[in-house]
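Asker: Input: one structure, supplied below.
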Amino acid sequence: MVNLTTNQRKNLVIAAATVLVIGFSTWISLDPKQYFFYGDEDRAQWEHPTGHFLIFCGFYLLEALFLAKVIKLGARLWPRILLAAVLFLPWAAFSSFFALHAPGYTMVHILWTWLISAALVLIFAGSAVRHLFNSFRGRQGGV
């Protein structure tokens, strides 16, 4: 059995989630029904938007690398997570502006960015509460 550190397991989970979301986005991107068309003749002339799709795959990879880099377990995780959330939440909001008539894989990207945002907020809350608890417990031990 391979012994993995906590950070390696965390990176493995992030990598697996990224592979799954890219695979799901690829599956959705290949379905012409997932695109908006004004008429049936437009749908008949549909071609896969490979360049645009690859840009979104790059977004998935960059966002996963960002998440893996930010969540390095150790002392005082909450300030780093807070900064990451402050930087990432506007990106998630900006990505959500393009939902109208967007292809299905764009919708998956929007869900992905909000999932990462929720993870950052939850990790921040947990880390901040733990820090407050430990600092309170430290003051009580000296009395």
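Asker: Among the residues of region 68-81, how many are without any contact (Cβ under 8 Å) to a residue 12 or more places away in the chain and either touching an Asp or Glu at 6+ places or on another chain (Cβ under 7 Å) or surrounded by fewer than 17 Cβ atoms within 10 Å (Cβ to Cβ) (or both)? Steps first, please.
Answerer: Applying the first criterion (without any contact (Cβ under 8 Å) to a residue 12 or more places away in the chain) to region 68-81 yields 69, 74-75, 79-80.
Among the residues that remain, those that are also either touching an Asp or Glu at 6+ places or on another chain (Cβ under 7 Å) or surrounded by fewer than 17 Cβ atoms within 10 Å (Cβ to Cβ) (or both) are: 69, 74-75, 79.
Going through region 68-81 one residue at a time, the tally reaches 4.
Asker: Further question on the same structure: Mind listing just one residue for me: the one in region 121-136 that is in contact with a helix residue (DSSP H, G or I) (Cβ under 7 Å, 6 or more places away or on another chain) and surrounded by fewer than 16 Cβ atoms within 10 Å (Cβ to Cβ) and, of those, farthest from residue 57 (Cα to Cα)?
Answerer: Only one residue tops the list, namely 131.
Asker: Would you pick out the residues in region 82-129 that are over 25 Å from residue 19 (Cβ atoms) and touching a residue at least 24 places away in the same chain (Cβ under 8 Å)?
Answerer: 82, 101, 124, 127, 128
Asker: Next up: Being closer than 23 Å to residue 4 by Cα and either of a type outside the set (A, V, I, L, M) or without any contact (Cβ under 8 Å) to a residue 40 or more places away in the chain (or both) is the requirement here; does residue 65 meet it?
Answerer: Details: closer than 23 Å to residue 4 by Cα: yes; either of a type outside the set (A, V, I, L, M) or without any contact (Cβ under 8 Å) to a residue 40 or more places away in the chain (or both): yes.
So residue 65 passes the test.
Asker: Among the listed residues 118, 84, identify the single one that is in a helix (DSSP H, G or I) and loosely packed, with under 15 Cβ neighbours inside 10 Å.
Answerer: That would be 118, the only listed residue that is in a helix (DSSP H, G or I) and loosely packed, with under 15 Cβ neighbours inside 10 Å.
Asker: Here is a further query. Just to be sure I understand, how many residues within region 23-60 are open to solvent by 40 Å² or more (accessible area, probe 1.4 Å) and either in contact with a Cys (Cβ under 9 Å, 6 or more places away or on another chain) or acidic (Asp, Glu) (or both)?
Answerer: 6
Asker: Moving on. Would you check if residue 100 is of a type in the set (A, V, I, L, M), over 30 Å from residue 127 (Cα atoms) and either in a helix (DSSP H, G or I) or open to solvent by 90 Å² or more (accessible area, probe 1.4 Å) (or both)?
Answerer: It is true that residue 100 is of a type in the set (A, V, I, L, M), over 30 Å from residue 127 (Cα atoms) and either in a helix (DSSP H, G or I) or open to solvent by 90 Å² or more (accessible area, probe 1.4 Å) (or both).
The values are calculated or read from the model by the stated rules, or taken from the named source; none is laboratory data. In this text the structure is predicted, and so the values were computed from the model without any measurement. Note that each Cβ is placed from the backbone with ideal geometry, even for glycine, and that neighbours are counted across all protein chains shown. Surface accessibility is based on the protein's heavy atoms, side chains included, excluding ligands, DNA and RNA. Shrake-Rupley method; radii C 1.70, N 1.55, O 1.52, S 1.80 Å.
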